[in-house]
Amino acid sequence: MICILALDYGLRRGELNLLETDSFKPSLHNLDGVTSYYLVVTNCDDEEEKAEGSMKTETSHRTLKITKLHYDYLCAYVKNFRLEPEQACDSSILFLSTQSPKPLALRTINKIFEVITRALHQHFPDDIGNPESMEYLSSCHPHTLRHTWAVSQLYHMVDEEKKSITDAKDLLRSNGGWSIKSEMPDHYGRRFLADKANAAN
C-alpha cells in the first residue's frame, strides 16, 4: 500500500506516515449519483499521536481522488493486515509497526525500500541492476516513486487529456502538494519537453 500510494498518487514519505484509518472515504453527495473515493492528506487529528513525518508546506494539505480499487485495498489492509487478530491498538495511524502496534518509523520505510532495491537488482540485473545501463537505479525510495508519478501525470494530462503543458503543470502542482514558489512542476515540465524532443529525434 505504501508503494501504491507513492507511485499512483505521489505521496511523500512523511505524508504516508501521517495517514490515518479514516483518511480515505467515499463521497456520497455527487451530483451525477456516482460514488467517488478520496484520500485526505493532512496532519493527524490526534495531537498525541507519535507518528514520524510532517506536511512539507501548507499547500501539501490536500484531498486526492482515488480509485475504488485502491479504496477497497485500503479497507482490506485495515481489516485484515494492519493488526494481528489478538492485538489491541489505540492509534489511528494507518501504517503500524509489525513489532508493536505503534506508528511506523520512517527508518522502517527506508528499510522496506532497501529490500525493494535489492529485489530489483536481482531480478533485472541487465538494466536496473547494471551501472552501465541507462535504466540503472542505484536505489529505490519513496521519492523515486513520486518522481515517476509526476512524469506519468504530465504524459497522461498532455497526451491523453490534451491539456496544455501550462495547465498540466498547474494540476501537477495542486495534486503533488507543491507550493506556488516551488520549481518542481517546472522541472518536470522541462523534463517532459526534453523527452518529447528526444522522441522526435
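General observations
- Scanning region 126-162 for residues being outside any helix (DSSP H, G or I), open to solvent by less than 70 Å² (accessible area, probe 1.4 Å) and not polar (S, T, N, Q) gives a total of 5.
- Applying the condition of being open to solvent by less than 40 Å² (accessible area, probe 1.4 Å) and hydroxyl-bearing (Ser, Thr, Tyr) to region 89-116 and asking which residue is nearest to TYR38 (Cα to Cα) yields SER92.
- Top-ranked residue in region 16-26 [being within 19 Å of GLU58 (Cβ to Cβ) and out of contact with any helix residue (DSSP H, G or I) (no Cβ under 7 Å at 6 or more places or on another chain); ranked as surrounded by the fewest Cβ atoms within 10 Å (Cβ to Cβ)]: SER23
- Where ALA119 falls short, out of the listed (1) free of Cβ contacts under 8 Å to residues at least 12 places away in the same chain; (2) within 22 Å of the chain's Cα centre (by Cα); (3) open to solvent by 50 Å² or more (accessible area, probe 1.4 Å): (3)
- If you check GLU86, GLU52 for being assigned to a loop (DSSP other than H, G, I, E, B) and open to solvent by 80 Å² or more (accessible area, probe 1.4 Å), only one passes: GLU86.
The values are calculated or read from the model by the stated rules, or taken from the named source; none is laboratory data. Worth saying up front: this structure is predicted, and the values here are computed from it rather than measured. Positions of Cβ are backbone-derived with ideal geometry, glycine not excepted, and every protein chain shown enters the neighbour counts. All accessible areas refer to the heavy atoms of the entire protein, side chains included, with ligands and DNA or RNA removed. Shrake-Rupley method; radii C 1.70, N 1.55, O 1.52, S 1.80 Å.
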